[in-house]
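Notes follow once the structure below has been shown.
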Amino acid sequence: MSDRGKLRIGVVCHPTFGGSGAVAAELGLAMAERGHAVHFFSHALPFRVPAAHSGTVFHEVQVTAYPLFKYPPYASALATKLVEVCRREPLDIIHVHYAVPHAVSAFLAKRMLRGGPLPRTITTLHGTDITLIGIDSSFFEITRFSIEESDGVTAVSAQLAAATKETFQVRGEVRAIPNFIDTDVFTPRGRSDARRAAFAEPGEPIVGHLSNFRELKRIPDVLRTFHCIQRTLPARLLLIGEGPEVEPARSLAAELGIEDRVRFLGAVRDVTGVLPQLDLFLLPSEYESFGLSALEAMACGVPVIATRVGGLPEVVEDGRSGFLCSVGDIRCMARLGTELLSDPFRHRAMAEAARQRAETEFRRDRVVDIYERYYREVIARQVKEP
């Protein structure tokens with residue numbers, strides 16, 4: 001371990017706009033702020049990591065294009081990069097986010113490092129790496145193997161932890177450590193009439209949705225729910241993000257005759273300027289292992305209507321900080337949304353409860369403390385020899 005209890009931490013993640021990439025980046029940056037040395041590994045700079053940041057180093061994983069390979073061997077290149085860095089500056093922890101292929105690469109790296117200082121490996125499971133990719137027959141066995149070979153395993157919700165143990169018959173512990181939010185950044189203080197005026201007329205409620213616009217997010221349910229709400233209230237809908245469902249969503253908005261009340265904002269780099277302007281956030285997903293976008297909205301004082309699936313009931317308190325409906329129950333979401341937006345007193349109470357829950361349960365420092373203690377706990381264990 002580093003001098004004075006400071007840790008050398010490797011963070012391996014996908015450089016995605018949200019989800020696992022966002023959580024990995026924010027956790028690594030938080031650890032760097034605490035004085036730890038943090039090394040990021042990915043094929044591109046993670047979205048939320050600055051190009052220059054005190055206490056962090058970015059290692060780009062490059063894969064050589066060669067005609068023999070139909071698909072670039074990224075897992076091997078990543079393992080090689082981990083070994084190169086560990087031999088120059090031994091890491092205490094390699095924390096991989098998303099099992100495939102990162103946990104496999106961490107195992108290979110430890111195998112190649114035998115005979116020298118071995119880092120502990122921690123795998124954090126974020127959802128689709130288990131519920132979608134991991135259960136695919138092409139990846140099932142290697143996913144189970146890499147989980148079992150990790151020195152520590154965490155999941156972003158208790159539901160995902162339980163599902164992982166059941167699906168993969170994992171013998172060891174899968175510890176639930178939730179995602180977190182910087183409540184000094186995601187805050188209702190950014191709400192203003194001037195900013196709202198860019199999206200709606202005075203007195204018009206603003207409904208919003210933020211995601212990667214994949215089929216799992218059920219974007220048509222967002223539009224159909226809003227379609228029902230705007231029949232009663234002169235509401236506006238903001239759709240934030242990019243993905244394969246954007247163009248079908250545009251077509252559906254036109255089909256429903258609401259295209260003049262819907263704004264597609266694309267991939268907004270800093271959503272903290274937009275989320276506080278919302279009056280209601282919709283997340284009607286087929287599945288969410290946690291629901292980070294819901295938490296971001298709640299921290300901004302925005303009530304959430306979501307589906308009662310996955311880890312969402314661990315985030316949204318039904319009837320207090322938001323509402324939960326069954327998947328596909330557009331009538332439920334539209335009715336509750338209309339009632340809430342029509343009742344200023346109830347809306348204010350729910351907005352305050354949403355903010356309070358984000359501050360008390362999912363505050364950045366609180367969850368980072370949990371991770372830091374877990375790092376030291378795993379380091380204190382006898383290392384698993386590959």
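Values in this text are rule-based calculations from the coordinates and carry no lab data. Because the structure is predicted, anything quoted here is derived from the model rather than measured. Note that each Cβ is placed from the backbone with ideal geometry, even for glycine, and that neighbours are counted across all protein chains shown.
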### Query
For the stretch 276-293, list residues with backbone N below 19 Å from a point placed 7 Å from the Cα of Val246 toward its Cβ?
293
### Summary
Per the stretch 270-339, sqrt(5λ) over the Cα gyration tensor eigenvalues, sorted largest first, in Å, gives 18, 14, 10
### Message
Just want the answer: with Cβ charges of +1 for Lys and Arg and -1 for Asp and Glu, which residue in Ser54, Gly322, Met350 is farthest toward the dipole's positive end in the chain?
### Response
Ser54
### Task
For the stretch 98-122 and the stretch 159-203, compute the distance between their C-alpha centroids and round to whole Å.
29
### Residue (of Leu118, Pro188, His95) at the positive-pole extreme of the chain, dipole from beta-carbon charges
Leu118
### Query
Taking neighbour counts of Cβ atoms within 10 Å as a proxy for exposure, in what order, fewest first, do Arg111, Arg48 appear?
Arg111, Arg48
#### Entry: Sorted largest first, extent of the stretch 1-95 alpha carbons per principal axis (Å)
48, 31, 20
### Task
State the answer as a single residue: which of Leu233, Leu292, Val274 lies farthest towards the positive end of the charge dipole of the stretch 188-361, with beta carbon charges of +1 for Lys and Arg and -1 for Asp and Glu, about the Cα centre.
Leu233
### Query
Looking at the chain, what % of the alpha carbon pairs are farther apart than 28 Å?
47
### Task
Using only the alpha carbon atoms of the stretch 114-215, find the Kirkwood hydrodynamic radius as the inverse mean reciprocal pair distance, in angstroms to one decimal.
17.2
### Query
Using Cα pairs under 8 angstrom and six or more residues apart, how large is the relative contact order of the stretch 174-265, in percent?
29
### Message
Given points 7 Å out from each Cα along the Cα-Cβ axis, report the Ala198 to Glu33 separation in nanometres with one decimal.
### Response
2.4
### Message
Give me the Å³ per residue figure for the convex hull around the C-alpha atoms of the stretch 188-361.
### Response
100
### Task
Find the relative contact order for the chain and round it to a whole percent, using C-alpha pairs within less than 8 Å whose residues are 6+ positions apart.
14
## Note on the structure
By the rule of another cysteine's Cβ lying under 4.7 Å, the cysteines of the chain that fail to get a partner are Cys13, Cys86, Cys228, Cys300
